[in-house]
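The values are calculated or read from the model by the stated rules, or taken from the named source; none is laboratory data. This structure is a prediction, so every number in the text was calculated from the model and none was measured. With ideal geometry, Cβ positions are generated from the backbone for all residues, glycine too; neighbour counts draw on all protein chains shown.
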Amino acid sequence: MIEAELKARVQAPEAVMRQLDERAGARVEVYQDTYYDRPDGSLEKRDQELRVRTVHGPNGRRTVLTFKNATVDEASGSKPEHETRVEDSQEAHAILQGLGYVPAIAFSKRCRNYDFEARGRQMLATLVRVPEIDGTFLELETMAAEDDVTAALDDVRAVLAELGIGAEDLTRETYTGAVAAQRRK
């Protein structure tokens with residue numbers, strides 16, 4: 001499946017949060033993300049991502065191992081995604097390092113997640129703050145088959161428009177890139 005996702009910088013976070021609160025209950029969580037690569041950086045060079053994410057929320061803690069393949073839609077950056085829950089985050093890190101992967105970057109994200117249905121699709125909207133980056137971001141995603149990505153992204157754009165997010169707000173900036181740039185300063 002493809003994660004059909006668009007990301008935007010939010011100009012009026014409180015207004016967007018109120019609108020999302022009307023659509024669904026919020027799930028407030030903190031993500032601790034560690035991205036891995038090979039020592040030669042070959043995953044990044046191939047536009048692939050390997051991540052261990054530990055989510056801390058009101059219902060406890062869970063860890064997810066994710067592999068994202070290369071981008072299939074250049075305008076949005078949407079990628080095929082494979083994800084599985086892992087029982088022990090420390091073991092997940094140990095396994096990846098034992099296989100020769102090295103931590104490339106790690107950071108936390110403060111997230112406010114909303115699951116809802118729109119345009120006949122299950123959507124996940126996430127308001128994101130990364131302590132090392134200025135601003136608030138909104139990620140809106142739905143899962144789609146490869147032959148449905150264009151239509152899914154059209155539906156995502158329509159929901160974003162309903163939330164007051166225009167094309168001028170969209171960004172392909174990655175958190176990993178922005179955090180790395182901040183750390184180089």
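So, in the stretch 137-185, exactly how many residues are among the acidic types (Asp, Glu) and closer than 24 Å to ALA24 by Cα? Full working, then the answer.
Just the residues of the stretch 137-185 that are among the acidic types (Asp, Glu), to begin with: 139, 141, 146-148, 154-155, 162, 168-169, 173.
Narrowing further to those that are closer than 24 Å to ALA24 by Cα: 139, 141, 154-155, 162, 169.
Residues that pass the stated criteria total 6.
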Qualifying residue in the stretch 161-179 (condition: closer than 18 Å to MET1 by Cα and modelled with pLDDT of 95 or more): no
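Restricting to the stretch 139-170, what's the tally of residues that are under 23 Å from ALA15 (Cβ atoms) and part of a strand (DSSP E or B)?
Initial filter on the stretch 139-170 (under 23 Å from ALA15 (Cβ atoms)): 139-142, 155-170.
Cutting the leftovers down to part of a strand (DSSP E or B) gives us 139-142, 170.
Of the residues in the stretch 139-170, 5 are under 23 Å from ALA15 (Cβ atoms) and part of a strand (DSSP E or B).
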Count - residues of the stretch 171-185 that are touching a strand residue (DSSP E or B) at 6+ places or on another chain (Cβ under 7 Å) and either acidic (Asp, Glu) or part of a loop (DSSP other than H, G, I, E, B) (or both): 1
Residue in the stretch 8-17 that is buried (at least 17 other Cβ atoms within 10 Å of the Cβ), of a type in the set (Asp, Glu) and under 22 Å from LEU160 (Cα atoms) present: no
The stretch 130-185, subset buried (at least 17 other Cβ atoms within 10 Å of the Cβ) and among the small types (Gly, Ala, Ser), residue farthest from THR71 (Cα to Cα): ALA178
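Does the stretch 87-96 hold any residues that are assigned to a helix (DSSP H, G or I), farther than 16 Å from ASP33 by Cβ and not hydrophobic (A, V, I, L, M, F, W, C), and which are they? Can you show your working first?
As a first pass, look at the stretch 87-96 and keep what is assigned to a helix (DSSP H, G or I): 89-96.
Applying the additional criterion that residues be farther than 16 Å from ASP33 by Cβ yields 91, 94-95.
Selection gives GLU91 alone.
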Residues (over 16 Å from PHE107 (Cβ atoms) and surrounded by fewer than 16 Cβ atoms within 10 Å (Cβ to Cβ)) located in the stretch 49-66: GLY57, PRO58, ASN59, GLY60, ARG61, ARG62
Which listed residue is closer than 24 Å to ASP147 by Cβ, surrounded by fewer than 16 Cβ atoms within 10 Å (Cβ to Cβ) and either out of contact with any strand residue (DSSP E or B) (no Cβ under 6 Å at 6 or more places or on another chain) or of a type outside the set (Val, Ile, Thr) (or both), from GLU22, GLU91, GLU117: GLU117
Selection within the stretch 53-86 - assigned to a strand (DSSP E or B) and in contact (Cβ under 8 Å) with a residue 60 or more places away in the chain: LYS68, ASP73, SER78, LYS79, PRO80, GLU81
From the options GLY100, GLY164, GLY135, residue that is in contact (Cβ under 8 Å) with a residue 60 or more places away in the chain, touching a Lys or Arg at 6+ places or on another chain (Cβ under 6 Å) and at positive phi: GLY135
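Just for the stretch 26-42: of the residues that are polar (S, T, N, Q) and part of a strand (DSSP E or B), which one is surrounded by the most Cβ atoms within 10 Å (Cβ to Cβ)? Steps first, please.
So in the stretch 26-42, the residues polar (S, T, N, Q) come out as 32, 34, 42.
After this cut, where a residue has to be part of a strand (DSSP E or B) as well, the list is 32, 34.
On the way: GLN32: 16, THR34: 18.
Here the residue is THR34.
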